[in-house]
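What follows is a short report on a single structure.
The values are calculated or read from the model by the stated rules, or taken from the named source; none is laboratory data. From a predicted model like this one, the values you see are computed outputs, not experimental measurements. No Cβ is skipped: glycine too gets one built from the backbone with ideal geometry, and neighbour counts run over all protein chains shown. Side chains are part of the model used for accessible areas, which takes the heavy atoms of the whole protein and leaves out ligands, DNA and RNA. Shrake-Rupley method; radii C 1.70, N 1.55, O 1.52, S 1.80 Å.
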Amino acid sequence: MSGEKLPEWRELPIAGIPYKFSTEYKTGDWKSFRPVIDENKCVKCLTCVAFCPDMAMKAEFENDKPKRVYPDYDHCKGCGICASVCPVKAIEMVPEV
Ligand code: SF4
Ligand code: SF4
């Protein structure tokens, strides 16, 4: 953060797309479980992307359609919300080693 003046809430972009600290620092190293997606079960509904409180579930798109959904382990906290909301149970929380 190096003494940099932080923006006030009124200066944040609409919809709050992550201010740079969320991507600048790796904050996922204290999780004890990690989400693992079964690609064969995932129907790419993006529910996990919408519900992840850390914006750590990512999606890649091709022609405006989701092509791949994957966790960003550098920022995932292992809370398991993604696994709970997945409608087809495609996400398993496995112990972090
Ligand atoms: S375990 Fe929690 S932080 Fe990690 S991707 Fe799932 S919802 Fe996001
Ligand atoms: S909620 Fe489940 S099915 Fe939907 S994108 Fe996430 S992993 Fe895939």
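Taking region 34-69 as the search range and keeping residues that are in a strand (DSSP E or B) and within 9 Å of ligand 2 (Cβ to nearest atom), which one is nearest to the chain's Cα centre (by Cα)? Write out each step before concluding.
Step one: list which residues in region 34-69 are in a strand (DSSP E or B), which gives 34-37, 57-62, 65-69.
Now narrow it down to the ones that are within 9 Å of ligand 2 (Cβ to nearest atom): 35, 37, 57, 59, 66, 69.
Numbers: 35: 10, 37: 13, 57: 3, 59: 9, 66: 15, 69: 10 Å.
Among residues in region 34-69 that are in a strand (DSSP E or B) and within 9 Å of ligand 2 (Cβ to nearest atom), the one nearest to the chain's Cα centre (by Cα) is 57.
Among the residues that make up region 12-27, is at least one of them crowded, with 16+ Cβ neighbours inside 10 Å, of a type in the set (Val, Ile, Thr) and modelled with pLDDT of 95 or more?
Applying the first criterion (crowded, with 16+ Cβ neighbours inside 10 Å) to region 12-27 yields 27.
After this cut, where a residue has to be of a type in the set (Val, Ile, Thr) as well, the list is 27.
Okay, now just the ones that are also modelled with pLDDT of 95 or more, so none.
Within region 12-27, none of the residues are crowded, with 16+ Cβ neighbours inside 10 Å, of a type in the set (Val, Ile, Thr) and modelled with pLDDT of 95 or more.
Can you tell me which residue within region 70-97, out of those that are touching a residue at least 40 places away in the same chain (Cβ under 8 Å) and part of a helix (DSSP H, G or I), is nearest to ligand 1 (Cβ to nearest atom)?
Within region 70-97, the match that is nearest to ligand 1 (Cβ to nearest atom) is 82.
In region 41-64, which residue that is of a type outside the set (A, V, I, L, M, F, W, C) and touching a residue at least 12 places away in the same chain (Cβ under 8 Å) is least open to solvent (accessible area, probe 1.4 Å)? Give the steps one after another, and end with the answer.
First pass over region 41-64, keeping only residues of a type outside the set (A, V, I, L, M, F, W, C): 41, 44, 47, 53-54, 58, 60, 62-64.
Now drop any that are not touching a residue at least 12 places away in the same chain (Cβ under 8 Å), which leaves 41, 44, 47, 53-54, 58.
Details: 41: 101, 44: 58, 47: 38, 53: 85, 54: 63, 58: 66 Å².
Selected residue: 47.
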